[in-house]
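Taking it in order: structure first as structure tokens, then the write-up.
The values are calculated or read from the model by the stated rules, or taken from the named source; none is laboratory data. None of the values given here were measured: they were computed from a predicted structure. A quick note on method: Cβ atoms are made from the backbone with ideal geometry, for glycine too, and the neighbour counts reach across all protein chains shown.
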Amino acid sequence: MSSKERPTLGGTRIKTRKRNITVPLDPAAFADAVVQIYVDNAGDLELVAKSIVESSDLNFSRYGDTFFEVVFTGGRTQPGTIKADEGERHPYSILDCEPKREAILPSVMYIQKILRRRPFLIKNLENVIQRFLQSLELFEEDGRKKLAIFTALAFSQKLSGLPPETVFQPLLKDNLVAKGLVLLFVTDFFKDYLIDNSLDDLISILKRGKMEDNLLDFFPSSKRTAEAFSEHFSKEGLVSLVEYNEKKIFEVKLKEMKSTLTTQIAEESEISDVIETVKQHVKDAKLPDFEVVKILWDVIMDAVQWSGKNQQQNANSALRQVKTWASLLNAFCTTGKLELELIYKVQTQCYEDTKLMKLFPDIVRSLYDQDVLAEDTVLHWFQKGSNPKGRQTFVKSLEPFVKWLEEAEEEE
């Protein structure tokens, strides 16, 4: 054997390993292939979905954005625009539908089926939606409405994994907001979403989209007021949203007043200054009197320095606080109804806070002595009070004081 020859095994056949060499489709060829599936099935989305999920030749992982461009517009779009690019197109896209829920819903269900089989495509759907929303000015009015309806239906049908921030955050481009396009879009979105869902559902989506406290950001800066909000959405028939926003604003104003008063009372400001602060908040925020009375009581009692389990010290501290700030309460408990509201507030707090449970009669007596509560108010609460919290216990504990009031009245 020549030293240059290599030994071989007789009868064996050496095989070369075969490799599946696939040439990736380019975006244009991919788009044309998807368009052809639509055309071959005459736009029947059930059949189109079946063909797409069973296809092994289409590189969805690489061309997911292109796929959703075909779904929304019927073909590829030019980079950075919504203009049609060269290539085949089909007439069954979302933007070719009528701007009606029943026309767009089948496309939402179709996308849902695709995402269940190819969940990685959710990111591509986000990309395309974001791009379209940031290009609202390039759409005609009908196109913007179709996008709003699609988005509302997508959330109604809980389209697999579509996060609300994908919709709301891209909208907040200054030029889109300034032109009023964002307000028109969200108005259509709210109206369509609330057809199938409750206001609580809508608020939940807004929370997840980090917009619950920023609804005025949808308005042009010149109209970014509570009055403009109420006027616009009332005109659009979204009264429940207006009521929600007014309640939200009201709660914020109450919180602001409480914060200011807490600081003033902690710093032992002059009572006249505190009274003026309350009056200004009431005027600016149009706060109802009964809410003011409850906030005043909360702030006064929150400032008490409690001493753990020492009941006598707690009683002394609470009664000293009542005496110190009685004139503040007196300035706003101007009617029998407001005095009764104050007793109910005291009753609730004493019922819910164990360290105050036994202080109820002492606090009522102190408020009477400081002329915050009238005799008639105390007697009315004793005889007809409607707050059930601890009432039986508190009525019994107040009996000696009421008896004293009645005897004093008889002597007079």
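Yes or no: VAL252 over 26 Å from the mean Cα position of the chain (by Cα), farther than 30 Å from LEU159 by Cβ and at pLDDT below 95?
When the stated conditions are applied, VAL252 does not pass them.
Can you confirm whether region 82-94 contains a residue that is at pLDDT below 95, touching a Ser or Thr at 6+ places or on another chain (Cβ under 7 Å), within 22 Å of GLN130 (Cα to Cα) and exposed (fewer than 13 other Cβ atoms within 10 Å of the Cβ)?
yes
Working only within region 210-249, note down all residues that are at pLDDT below 95, under 15 Å from PRO164 (Cβ atoms) and of a type in the set (A, V, I, L, M, F, W, C).
MET211, LEU215
Confirm whether LYS235 is assigned by TED's automatic domain parsing to the domain that holds PRO388 and of a type in the set (Lys, Arg).
No, not satisfied.
What are the residues in region 211-222 that are assigned to a helix (DSSP H, G or I) and without any contact (Cβ under 8 Å) to a residue 24 or more places away in the chain, if any?
Correct list: LEU216, SER222.
If I go through region 97-118 residue by residue, how many of them are closer than 17 Å to GLY161 by Cα, without any contact (Cβ under 8 Å) to a residue 60 or more places away in the chain and more than 27 Å from the chain's Cα centre (by Cα)?
Selection size over region 97-118: 1.
Assess whether ASP362 counts as being exposed (fewer than 14 other Cβ atoms within 10 Å of the Cβ), of a type outside the set (Lys, Arg) and part of a helix (DSSP H, G or I).
No, not satisfied.
Of LYS403, LYS389, which residue is in the same structural domain as LEU340 (by TED's automatic domain parsing), modelled with pLDDT of 90 or more, surrounded by fewer than 18 Cβ atoms within 10 Å (Cβ to Cβ) and in a helix (DSSP H, G or I)?
Only one candidate passes the filter, namely LYS403.
Looking at LYS207 and the list (1) in the same structural domain as PHE139 (by TED's automatic domain parsing); (2) in a helix (DSSP H, G or I); (3) surrounded by 14 or more Cβ atoms within 10 Å (Cβ to Cβ); (4) at pLDDT below 95, which single condition is not satisfied?
(3)
Yes/no matrix, rows are residues, columns are (1) surrounded by fewer than 22 Cβ atoms within 10 Å (Cβ to Cβ); (2) assigned to a helix (DSSP H, G or I); (3) of a type in the set (Asp, Glu); (4) in the same structural domain as ARG131 (by TED's automatic domain parsing):
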residue	(1), (2), (3), (4)
ASP32	yes, yes, yes, yes
GLN36	yes, yes, no, yes
VAL39	yes, yes, no, yes
LYS50	yes, yes, no, yes
ARG62	yes, yes, no, yes
VAL70	no, yes, no, yes
PRO79	yes, no, no, yes
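Out of the residues in region 145-180 meeting the condition of being assigned to a helix (DSSP H, G or I) and basic (Lys, Arg), tell me which one is surrounded by the fewest Cβ atoms within 10 Å (Cβ to Cβ).
The qualifying residue surrounded by the fewest Cβ atoms within 10 Å (Cβ to Cβ) is LYS145.
Please verify whether SER222 is hydroxyl-bearing (Ser, Thr, Tyr) and touching an Asp or Glu at 6+ places or on another chain (Cβ under 8 Å), treating the condition exactly as stated.
no
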